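Comments concern the structure below.
Only the coordinates and a few stated rules stand behind these numbers; no lab work does. Bear in mind the structure is a predicted one, so any value in this text is a computation, not a measurement. Counting neighbours? That spans all protein chains shown, and the Cβs are built from the backbone with ideal geometry, glycine included.
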Amino acid sequence: MVVLKGKSVFHDVCMGKIVFYKRKERTIKRYKVEDTESELKRFREAKETALKQLQELYDKAVADVGEANAAIFEIHQMMLEDLDYVESIENIITSQQVNLEYAVGATSDNFSAMFSAMDDAYMQGRAADVKDVSERLLSVLGGEESNLNMLTEPSIIAADDLVPSETVQLDKSKVLGFIMQHGSTNSHTAILARSMGIPAIVSLGEDLTEECNGKTAIVDGFDGTVYIEPDEKTSAEMSKKMEQSRAHKEMLQELKGKENVTKDGRKVKIFANIGKTADLANVMANDAGGIGLFRSEFLYLENEDYPTEEQQFAAYKQAAETMAGKTVVIRTLDIGADKQADYFHLDKEENPALGYRAIRICLTRPEIFKTQLRALYRAAMFGNIAIMYPMITSVEEVRKIKAIEKEVKEELTKEGIPFKADIETGIMIETPAAALVSDELAKEVDFFSVGTNDLTQYTLAIDRQNQKLDEFYNPHHKAILKLIRLAADNAHAEGKWIGICGELGADTSLTEEFLRMGIDELSVSPSMVLEVRKKVRELDLSGV
Amino acid sequence: MKSFKYVVQDEVGLHARPAGLLVKEAGKSASSITIESKGKTADAKRLLAVMGLGVKKGDAITVTVEGSDEEAAAAALEAFCKANL
């Protein structure tokens, strides 16, 4: 039995097999072969297998995300069968009398170099597709198959850390928990784990090695421990813990349908945060009163190209209809910083968290922004959608947004496309600047929602992706609570409502303080809705 | 030999997906088909070569079809370009 200690991000226990995800980095050896005929045969066989895999991926993607989004796998198939590509590999094998792996590597390098040298940023990005196709061939040759998108049974995912483009590939129904070598308790993997309500432990260090792949493990999210190949005694103890955790969850289920009200009668709304339409089921299952944050950027991250107005419309409409008249706050795209999509072609930045992201992209590339707004106004016909803008720092930005909103509405009217013009619009309070000028901002918008993760990062000047800083990252810092209180007072002075949609919203040690500030809504991971309801119902604010 | 000119309207030009569709369409014909743009020529049945042309919105392409079914293939490709590119 190996015992590893790290930082826990969600309190639960799970048991299962580990799948170790290793980002592919391979070195290809070049060696002479006498029998080039058998190399060519190996090539044909590997190509067939790779084509079959791509067809399976294509079929799965058509079912999951629709034909337009699945097209990339069809393109990959065509690349693999492309005569230039095939002939290049065959030529290298026969003319240089070398091994297949080397020929694939060299061909991949040549074609990706060709794309990288093109003057069009989009085409430069296609170098990645050629590499991807070649990687697949090499994986087939190496007999590798386990990967994030090829989970066959519910597993514990181990890795150094996962970026959003990797986590989106995961079949969430087959993930029991996460164990990460690195990453902070605020990394994307951590946030994902919390939203899924599954145990995850980060910062386990280099002792978590690839050798654990395939081994049985128990992840104890209550005290941040991973037991690899646990002994009988540990297994028995942990089974008991799992049972207790299950009982606790059942107890929470009894709170379904009950009001979010304190003993002295103060009511608060408890909404859910979601990242994609698939999470809607979880929202309903946990009895959330609405959606306080729909992170629309997942539509962008999962795509190979800008999501079309129709794709977005379909997603927003589904959310609005599913929630059947309950509030659905959709945040406009928050791409940039740690959330990157290749096709945006964002420059590398020295300081991405303080860089070109979110509303800053929308205001300088209005065509992207307008597509999203059109989809939102159209979808608003089908339910109670509210729009929320991220990364606001000034009143001027809000006025610029309003000008664009007006243009979009005029265009839709002119085109005779049905939409709902009169919907609530709000802003995120996630920069200290926004909190400090919230008196002016409150006059311009219908509501505020405090994004505590970024507000903490910006107020304390702490990069939340940097795990070395975890000990300095104190979201309970007085400065942050003061900023939230200021924004709450200013919102209420103008008769507007204020919610909290960051991780802090689910921090039950602060629920009482938030209610005392007069916070109107707490938006939390679906898995935390009932936990927060329980806390609210235990509170009595009548004292003091 | 049949040929026609077409100016690409698609916002991002002949990127992967449209190029893929075009190559597929060209593959249906028995004739030899080439695409010429900005002084470079590519075999229309080869995806990487077509993408390598780097055709952008507003660029003119000349499609040349030569072979037994050139009439029908050229007409089909021209209709395809108008509908998809």
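Let me confirm one metric for peptide A:439-451, namely the mean number of other chain beta-carbon atoms within 10 Å of its residues' beta-carbons.
For peptide A:439-451, the averaged partner shielding equals 0.
Which of rounded, prolate, oblate describes the stretch A:394-544, given a ≥ b ≥ c as roots of the alpha-carbon gyration tensor eigenvalues and a/c under 1.5 marking rounded, otherwise prolate only if a/b is larger than b/c?
Prolate is the answer for the stretch A:394-544, as a/c is 1.5 or above and a/b outweighs b/c.
Of the listed pairs A:LYS22/A:LYS339; A:LYS5/A:LYS215; A:LYS22/B:LYS56, which have alpha-carbon separations greater than 29 Å here? Mind dumping the intermediate values first?
On the way: A:LYS22/A:LYS339 20 Å; A:LYS5/A:LYS215 17 Å; A:LYS22/B:LYS56 37 Å.
Long pairs (Cα-Cα over 29 Å): A:LYS22/B:LYS56.
What spacing in nm lies between the two simple spin-label points modelled at A:LEU363 and A:GLU37, each 7 Å away from Cα in the Cβ direction?
Spacing of the two 7 Å Cα→Cβ label points: 7.0 nm.
Suppose R0 equals 56 Å; then what is the FRET efficiency for A:LEU541 and B:ASP10 from their Cβ-Cβ distance, rounded to the nearest 0.05?
Working from the Cβ atoms, E equals 0.40.
To one decimal place, what orientation-averaged projected area in nm² is obtained for the convex hull of the Cα set of the stretch B:2-84?
The orientation-averaged projected area of the Cα hull of the stretch B:2-84 comes to 4.3 nm².
Test of understanding: extend the Cα→C-beta vector of B:ALA30 to 7 Å, then name every residue of the stretch B:44-85 with backbone N under 18 Å from that spot.
B:45, B:65-77
Set the Förster distance to 25 Å, then compute FRET efficiency between A:THR413 and A:ALA324 from the Cβ-Cβ distance, nearest 0.05.
0.35
Pairs of alpha-carbon atoms within less than 8 angstrom and 6+ residues apart define the contacts here; what relative contact order does chain B have, in percent?
Relative contact order, chain B: 46 percent.
Mind checking the dipole of the stretch A:36-142: about its Cα centre, +1 per Lys or Arg Cβ, -1 per Asp or Glu Cβ, Debye to the nearest 20?
The dipole of the stretch A:36-142 has a size of about 260 debye.
Please average, across the residues of A:74-82, the number of beta carbons from any other chain that are within 10 Å of each residue's own beta carbon, and give a whole number.
Working: counts 5, 9, 2, 2, 10, 5, 1, 2, 8.
Taking the mean over all residues of the peptide, I get 5.
Of chain A, which part is the longest with no chymotrypsin sites (Phe, Trp or Tyr not before Pro) in a loop (DSSP not H, G, I, E, B) and with at most 11 other C-beta atoms within 10 angstrom?
Longest site-free region, per DSSP loop and neighbour criteria: A:32-471.
Can you figure out the FRET efficiency of B:LYS38 with A:LYS348, using R₀ = 41 Å and their beta-carbon distance, to the nearest 0.05?
Given R0 = 41 Å and the Cβ-Cβ separation, E is 0.90.
If you take every DSSP beta bridge fully contained in the stretch A:262-538, what fraction is antiparallel? Give it as a percent rounded to 5.
Once the DSSP bridges in the stretch A:262-538 are tallied, antiparallel ones form about 5 percent.
Could you list the residues of the stretch A:1-43 with an amide nitrogen less than 20 Å from a label point located 7 Å from the Cα of A:THR216 in the Cα-to-C-beta direction?
Answer for the stretch A:1-43: A:1-4, A:13-20.
Only loop residues by DSSP count here, and only those with at most 10 other Cβ atoms within 10 Å; note down the trypsin sites (Lys or Arg not before Pro) in chain B that meet that. All intermediate terms of the calculation are to be shown ahead of the outcome.
Details: sites: B:LYS2, B:LYS5, B:LYS24, B:LYS28, B:LYS38, B:LYS40, B:LYS45, B:ARG46, B:LYS56, B:LYS57, B:LYS82; in loops: B:LYS28, B:LYS38, B:LYS45, B:ARG46, B:LYS56, B:LYS57.
Of the trypsin sites (Lys or Arg not before Pro), not one in the loops of chain B has a Cβ with at most 10 other Cβ atoms within 10 Å.
What's the center-to-center distance, using Cα atoms, between the stretch A:171-242 and the stretch B:1-68 in Å?
After rounding, the separation between the Cα centres reads 51 Å.
Give me the mean projected area, in nm² to one decimal, of the convex hull enclosing the Cα positions of the stretch A:350-465.
Mean projected area for the stretch A:350-465: 7.8 nm², to one decimal.
I need the shape label for chain A. Rule: rounded when a/c is under 1.5, else prolate if a/b > b/c, else oblate, with a, b, c from the alpha carbon gyration tensor. Please list the in-between numbers first.
Numbers: a/c = 2.13, a/b = 1.40, b/c = 1.52.
Taking the square roots of the gyration eigenvalues as a ≥ b ≥ c, chain A is oblate.
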